1. When the helices in chain B are scored as -39500 (n - 2.57) per DSSP H run of 4 or longer and the sum is shared across all residues, what 222 nm value do you end up with, to the nearest 500 deg cm²/dmol?
2. Considering only protein heavy atoms and a 1.4 Å probe, what is the carbon-and-sulfur percentage of the accessible area of the range B:13-237?
3. With every atom except the alpha carbons ignored, what do you get for Rg and Dmax of the range B:13-237, in angstroms?
4. At 1.4 Å probe size, what's the solvent-accessible area of B:L229? Round to the nearest 10 Å².
5. Based on the alpha carbons, how large is the Rg to Rh ratio for the range A:142-200 when Rh follows Kirkwood?
6. Work out, in µm²/s and without decimals, the Stokes-Einstein translational diffusion coefficient of the range B:1-129 at 37 °C, 0.692 mPa s, Rh from Kirkwood over C-alpha pairs.
7. Which order do B:S195, B:S179 take when ranked by solvent-accessible area (1.4 Å probe, heavy atoms of all protein chains), largest first?
8. Around A:M79, what is the net charge, scoring Lys/Arg as +1 and Asp/Glu as -1 over all other residues with Cβ under 10 Å from its Cβ?
Amino acid sequence: MVDIISAKSLGSNDIKIDGAVGEPFCDDAKMSMRNVDVFYGDNQAIHDVSFDLEKNQVTALIGPSGCGKSTFLRCLNRMNDLIPICNVKGSLQLDGEEIYGKQMDPVLLRARVGMVFQKPNPFPKSIYENVAYGPKIHGLATDKSELDEIVETSLRKAGLFNEVKDRLDQPGTGLSGGQQQRLCIARTIAVSPEVILMDEPASALDPIATAVIEELIHELKEKYTIAIVTHSMQQAARVSQKTAYFHLGKLVEMGDTKQIFTNPRHELTENYISGRFG
Amino acid sequence: MENEYQPTQHISQQFDVELENIKSQVLKMGALVKKQLRDGLTALLDGDEKLAKKVIKRDNKVNALEVKIDEACTSIIAIRQPAATDLRFVLSLIKTITDFERIGDEAEKLAVSTRNVKEKHISEQEYQYLRSMGDMVIEMLTQTLEVIETLNVDQALEVIKQDQAVNDEYEEFLNFLVSRMKDKPKTIKSGLSISWSARALERIGDHLVNINEYLIYLVNGKDVRHIDLEDLEEILNEE
């Protein structure tokens with residue numbers, strides 16, 4: 001008669017994942033993934049995953065270690081191309097364009113779909129050069145003053161400009177961890193991406209630097225579509241509007257973050273977010 | 001299909017212990033409130049002033065339990081940051097104890113009225129009406145305690161349904177009192193006094209409805225407050 005949350009022991013094999021529950025699709029999709037399988041050699045890491053990244057929204061991908069969320073994220077700008085044994089099947093579209101299509105230049109794709117990594121990884125160059133590098137190689141600036149403007153705007157958007165404006169010529173590696181991560185975000189923004197992928201962007205940062213990054217994510221979504229992988233469920237709850245829960249390479253559930261964290265539909269989601277999963 | 005929720009264990013067993021402790025404390029508070037209600041009603045109906053005093057004195061214990069459980073829930077929210085069912089569990093119980101505390105206050109009101117009603121000499125009919133309403137809400141409370149233990153949504157719905165009978169009885173009793181007051185103006189003072197006790201019992205029924213609504217929210221995440229019974233059944237049947 002009514003909804004039941006049957007409670008079997010967590011992680012047991014008798015809990016079936018029979019297609020994602022919830023609302024994995026939307027009307028205003030920036031990226032659409034359908035029936036995506038990912039293989040590392042013979043080993044299948046992602047099984048038939050389909051969902052949309054909604055435009056100007058933050059989508060959090062959560063799940064236990066090894067569930068495939070980072071693998072999936074890396075498919076979205078073809079970072080997995082760098083792994084020879086990695087094979088991606090299915091349809092992954094950016095504004096209706098196949099990102100694994102023959103016409104798609106991976107370098108240009110990565111400018112449109114930027115990525116911020118777990119560990120801040122500024123180039124061993126000056127703060128200015130870190131941000132200017134992308135626009136330079138993509139020919140986004142015609143002269144020095146234009147480049148200066150891009151660098152300043154990007155640093156401002158990343159909430160870093162006021163902290164570094166007097167030392168733009170100093171090494172990016174000399175900044176604090178939180179500042180370095182914001183520098184990496186500025187570097188990503190500098191090439192005017194449409195989508196920003198973040199793989200555990202705050203896991204190496206202290207709570208204050210984390211809060212700054214989270215606030216930044218909140219502001220960035222006005223202009224960009226964001227997908228974030230995080231192990232911190234509180235972070236997922238704080239920064240995202242949509243949440244996708246992965247388990248053993250499958251998408252178990254996707255829906256509004258508020259719903260996922262108060263009333264998830266799938267037992268596995270429930271168990272994971274309430275700390276019942278081993 | 002069973003309509004019950006029995007949670008699995010957390011990785012942190014200490015968290016399980018903390019949640020279980022809250023539930024035990026809530027059940028303890030519920031049992032105490034039931035004793036207060038039963039004794040308050042007995043004191044009123046039997047004119048037992050000694051028992052009434054005990055009830056009035058014991059209300060402090062109900063209040064103290066409310067504060068204690070509140071603190072335990074606050075601590076869990078701050079330290080564990082519960083999500084999903086755990087969050088609904090804590091929220092539902094923190095609201096449940098507020099209604100328990102108010103039921104305690106209503107039971108105290110019955111006890112406070114004891115002397116007043118005793119002096120006015122309660123009539124046989126008045127006795128029957130109050131007894132009948134009292135028995136109904138005590139039964140509702142007993143079943144509510146079972147729902148807290150079992151988290152059975154079907155039973156929660158049954159308790160909510162029972163409140164209609166309490167309301168009907170209350171209305172009938174009021175009509176009886178009003179017409180008697182019209183016929184015999186001398187009974188106005190005692191009639192008003194007794195109507196306050198009936199009102200307390202009717203309010204207890206409402207608090208128990210609230211609690212069962214929280215418990216339905218706990219189990220299936222649906223907010224079923226402020227809707228009529230028909231809509232409630234429809235919502236629960238949606239699944």
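The values are calculated or read from the model by the stated rules, or taken from the named source; none is laboratory data. Everything quoted here is computed from the prediction, not taken from an experiment. Quick reminder, even Gly has a Cβ in these numbers, built from the backbone with ideal geometry, and neighbours come from all protein chains shown. We work out accessible area using only protein heavy atoms, side chains counted, and drop any ligands, DNA or RNA first. Shrake-Rupley method; radii C 1.70, N 1.55, O 1.52, S 1.80 Å.
1. Values: 7 runs with 203 residues, N = 239.
The per-residue figure over chain B is -30500 deg cm²/dmol.
2. On the way: 5220 of 10340 Å².
Carbon-and-sulfur percentage of accessible area, whole number: 50.
3. Cα only, the range B:13-237: 18.9, 66 Å (Rg, Dmax).
4. B:L229 has an accessible surface of roughly 60 Å² with all protein chains in place.
5. Working: Rg = 11.6 Å, Rh = 12.0 Å.
Computed over Cα atoms, the ratio is 0.97.
6. Details: Rh = 16.5 Å.
The diffusion coefficient I find is 199 µm²/s.
7. Working: B:S195 20, B:S179 55 Å².
In descending accessible area the options line up as B:S179, B:S195.
8. On the way: positive: A:R74, A:R78, A:R110; negative: A:D81, A:D199.
The answer is +1.
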